[in-house]
1. Peptides 258-264, 162-168: what's the order by average Cβ count within 10 Å, highest mean first?
2. With the crude spin-label approximation of a point 7 Å out along Cα→Cβ, what separation in nm comes out for L12 versus M224?
3. Can you give the convex hull volume of the alpha carbon atoms of the stretch 112-241 per residue, in Å³?
4. What is the distance, in nm, between label points placed 7 Å from the Cα along the Cα-to-Cβ direction at S153 and at R306?
5. How many percent of the accessible area of the stretch 116-228 is carbon or sulfur, using a 1.4 Å probe?
6. Determine, from the Cβ-Cβ distance of V269 and R213 and an R0 of 30 Å, the FRET efficiency 1/(1 + (r/R0)^6), rounded to the nearest 0.05.
7. Report, in debye and to the nearest 20, how large the dipole of the stretch 106-205 comes out about its Cα centre when Lys and Arg carry +1 and Asp and Glu carry -1 on their Cβ.
Amino acid sequence: MFANKLLTCSALLIMLLLLSNTVFSQKLISLPRVGINVSDFFLEQANSLTSSPSTSSTTTEKPITTRSTSTITPTRSTTPSTESPTTTAPVISTTPAPQTYPQPSVGAWNTSCIMLQMAAQLNFTYEAREGNFTTGLYNIPSNASVEDAECESHTTQFIHLIWGPETSKQSLLMYFDKINDTTVLSSIQIHLTLLSEDFPDAKENQTVQLITRSSGEFKTPDKMSYHCTRVQKMNMTETLDAEPLIGWISVRHVQVEAFRRANDTGFSVGHDCDSSETSDVVPIAVGIALAALILVVLVSYLCARRRSTSRGYMSF
């Protein structure tokens, strides 16, 4: 009985060996030729089959763990960035533009001998609190009042205007001379106290004196008024004999008449500043020269005619 079981197991073992040989042969034929030793592979498979016990055993496969040892090296890009830099828009401050100084208003002043109408503005230098000198503008107010006037003299007359607070009166004097039946402006004198409301940066308790000596401005024939609408500038110094200029006075829309008669009303006929100043002597001299030339030509003609007539009588 035991012998039969041994023969049966031996036959099954032989059949399994043949079957496994056939299977491994087919597997080897299907494998690619990558340099594997076929005989070694076959022997390993046969030994594993023969060494396995008849009873079934549980095989536990160990999990294959792989550890990556690759190191990623950061690469530095050498290509310049095409991204535009972020720019912050500048904050634009809206500073208001400095206001221009207003133009002076036209004022009118009358006395018994002088009638004046004009708009005047001063441009001069003064000392600031820091000790430096700066430029200032000042308009002669149109509401200034007449303080005094000289009307007794027949050669020199003046008009005196004042304005401002009682503690610091400002003043302007205009002198006129009469020379050979012609009236001219001789000088302008201005006394100006720099008040804080007008000149906040000026040195305290500062007074400016401006004087201009005329060189024939406002020249007008007798019994006529001077008239000029355009701007006229006259240089001003600190004293009559001083040379350095410290400013000027600009006048416009001027009409003035001095040496008026007491009973006159309004301005006399206006003499415009842009009218021709050609003297009447020139056209008179030209007329006399033309008359003399005509007389010479006429006398010459008469003399020539008389000679031709006398020669005709002598031929007979």
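The values are calculated or read from the model by the stated rules, or taken from the named source; none is laboratory data. Since the structure is predicted, the reported quantities are computational estimates derived from the model, not experimental observations. No Cβ is skipped: glycine too gets one built from the backbone with ideal geometry, and neighbour counts run over all protein chains shown. Areas reflect the complete protein model, heavy atoms only, side chains present, ligands, DNA and RNA absent. Shrake-Rupley method; radii C 1.70, N 1.55, O 1.52, S 1.80 Å.
1. Top of the packing list down: 258-264, 162-168.
2. 15.9
3. Dividing the Cα hull volume of the stretch 112-241 by its residue count gives 125 Å³.
4. Placing both labels 7 Å beyond Cα along the Cβ direction yields 6.3 nm.
5. 44
6. 0.60
7. It comes to approximately 160 debye.
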